[in-house]
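> First the structure, which I've put down as structure tokens, then a few questions once you've had a look.
No value in this document is a laboratory result; all are computed from the given coordinates. Quick caveat, the model's predicted, so the values are computed rather than measured. FYI the Cβ positions are ideal-geometry reconstructions off the backbone, even for glycines, and counts take in every protein chain you see.
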Amino acid sequence: MSPLLLGRVALTAGLAGVTAPVQAALSAGGLSAGGPSAGGLSGEAVTGGPGWAFAGAAALLALLVVHARFLFGVLARREGGWWLVGAQAWLTYLPMPWYGAAWTPVCGLLSGALLVVAYRIRSLALVALAVTCGPVLLWAPPGALDHTGWAVAAPALGLAEYAVVTLAGRAHWLAGARNDVIERAVALERRRFTRDLHDLVGHRLAVLVLKAQLVERLVREGDPKAGMEAGETLELLRVLASDVRAVAHGAGHASLESELASARALLESVGVRCDVRVSCREMPGEVSEALVHVLREGVTNILRHAAARRCVIRLDEQDRLIRLSMRNDGVRPGRRQHGYGDGGHGLVNLTERVALLGGWLETEIHGGEFAFSAFVPRAYRDRLTSV
């Protein structure tokens with residue numbers, strides 16, 4: 001059950017509890033003091049007829065409708081409606097000269113409405129009015145109030161009603177905020193899974209395709225290396241299965257150092273001379289993981305979209321800015337700078353990864369060579385926490 005529904009049920013029960021003695025007194029004809037012509041709250045008791053009881057019931061119903069509309073509007077977070085409190089004040093005190101003590105319990109409803117308004121607009125003056133709207137009747141002429149308990153209890157009744165409205169509204173807001181957090185967490189996890197699946201599995205599958213083609217060619221030529229390549233292909237399949245499990249469970253991936261060695265071995269196995277130059281070995285774990293994905297995407301793009309014969313990979317650092325760059329020849333004519341890898345999804349994923357760390361990507365095509373670089377600050381998260 002939603003907090004707002006619980007709040008409405010509690011308010012309805014409270015309204016019934018407060019108005020029941022009023023309606024009982026009206027039905028029994030327990031009306032005190034005649035009309036204004038009889039001197040107002042003079043203490044002269046008269047017995048009300050059916051007409052007076054019917055008029056009192058109608059006034060009570062109007063007051064309840066106005067009060068409920070205001071409170072339910074507050075729970076629904078509708079703006080405005082303050083005029084309803086003014087109308088309720090009239091319906092609270094105007095019938096008092098005719099119905100006297102029988103009408104006293106409704107002061108608690110007015111006190112609750114005033115406290116709600118005071119909270120919304122941060123007004124101490126309204127708090128004072130809410131506290132005194134019941135006890136002020138204690139200064140009525142002698143005999144006007146047969147029971148002073150309802151007048152004294154009005155602030156307590158108003159505080160209880162204010163507490164129900166406030167708690168229901170806050171519980172509803174917290175429930176909505178919790179749902180928003182859950183939805184964002186699910187969306188982020190779904191995004192992480194699809195991104196990791198593309199970046200990791202896509203790279204492995206590209207390598208497997210090349211290995212399978214190589215094994216096919218070696219078998220056709222009767223080359224004894226076919227068995228060795230088939231074994232490496234089988235090992236890649238095992239690694240792929242392990243990587244899929246790692247992606248599903250959000251586990252960490254290979255280190256950047258081992259990935260650099262793997263990239264060199266892979267490129268050289270397909271005839272690409274690879275030169276790896278590393279001058280930066282120690283770096284934060286999240287930076288290393290992001291650069292692992294950059295390296296894999298770069299190798300995949302070379303294998304898929306270039307007829308490369310030479311590749312240079314550099315990992316260095318300057319002014320606490322870590323750079324991983326890859327430059328290869330063999331760029332095919334007509335290849336757009338950003339148009340490789342599943343319609344560009346690889347670069348989109350990498351851009352998101354490095355942007356989370358305060359980094360960026362740069363690409364360049366010049367003289368038949370393609371350059372791909374990623375820049376990531378070493379201590380971006382540390383700077384965020386120190387701000």
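> ALA230 to ALA265: FRET efficiency via 1/(1 + (r/R0)^6), r the Cβ-Cβ distance, R0 22 Å, to the nearest 0.05? Mind dumping the intermediate values first?
Values: r = 17 Å, r/R0 = 0.76.
The value I calculate is 0.85.
> Averaging over every viewing direction, what projected area does the convex hull of the Cα atoms of segment 156-246 cover, in nm²? Before the final figure, lay out each step's value.
Values: hull surface 28.6 nm².
Projected area, direction-averaged: 7.1 nm².
> State the extension gain, in nm to one decimal, for the chain segment bounded by VAL201 and SER242, taking 0.36 nm per residue of separation less the distance between their alpha-carbons. Don't skip to the answer; put the middle values down first.
Numbers: separation 41, 0.36 × 41 = 14.76 nm, distance 1.04 nm.
The span from VAL201 to SER242 would gain 13.7 nm if fully extended.
> Given R₀ = 30 Å, what would the calculated FRET efficiency be for ASP319 paired with HIS366, taking r from the Cβ atoms and rounding to 0.05?
Once the sixth-power term is evaluated, E becomes 0.75.
> Give the peptides 274-283, 307-316, 100-109, 287-296 in descending order of average Cβ contacts within 10 Å, highest first.
Numbers: 274-283: 13.0, 307-316: 17.2, 100-109: 26.7, 287-296: 23.3.
Taking the mean over residues of other Cβ atoms within 10 Å, the ranking is 100-109, 287-296, 307-316, 274-283.
> Roughly how compact is segment 219-327, stated as its Cα Rg over 2.2 N^0.38 Å to two decimals? Spell out each step's value before the answer.
Values: Rg = 15.8 Å, N = 109, 2.2 N^0.38 = 13.1 Å.
Working it through for segment 219-327, the quotient is 1.21.
> Quick one: Karplus J couplings for segment 163-178, per residue in order, coefficients 6.51, -1.76, 1.60, θ = phi - 60°, nearest Hz, x for Gly and Pro?
Taking θ as phi minus 60°, the curve returns 5, 4, 5, 5, 5, 5, x, 5, 5, 5, 5, 5, 5, x, 5, 5 Hz for segment 163-178.
> So between GLU352 and ALA62, what do we pick up on full extension, going 0.36 nm a residue minus the alpha carbon distance? Numbers along the way, then the final one.
Details: separation 290, 0.36 × 290 = 104.40 nm, distance 5.95 nm.
Gain in length upon complete extension: 98.5 nm.
> Which FRET efficiency, nearest 0.05, do ARG122 and ALA87 yield, Cβ-Cβ r, R0 25 Å? Intermediate results must be reported in sequence, preceding the final value.
Numbers: r = 23 Å, r/R0 = 0.91.
According to the calculation, E is roughly 0.65.
> Another question about this same structure. Charges on Cβ only, +1 for Lys and Arg, -1 for Asp and Glu, centred on the Cα centroid of segment 80-185; of THR104, LEU84, ILE121, which one is farthest towards the dipole's positive end?
Going by the charge dipole, the pick is ILE121.
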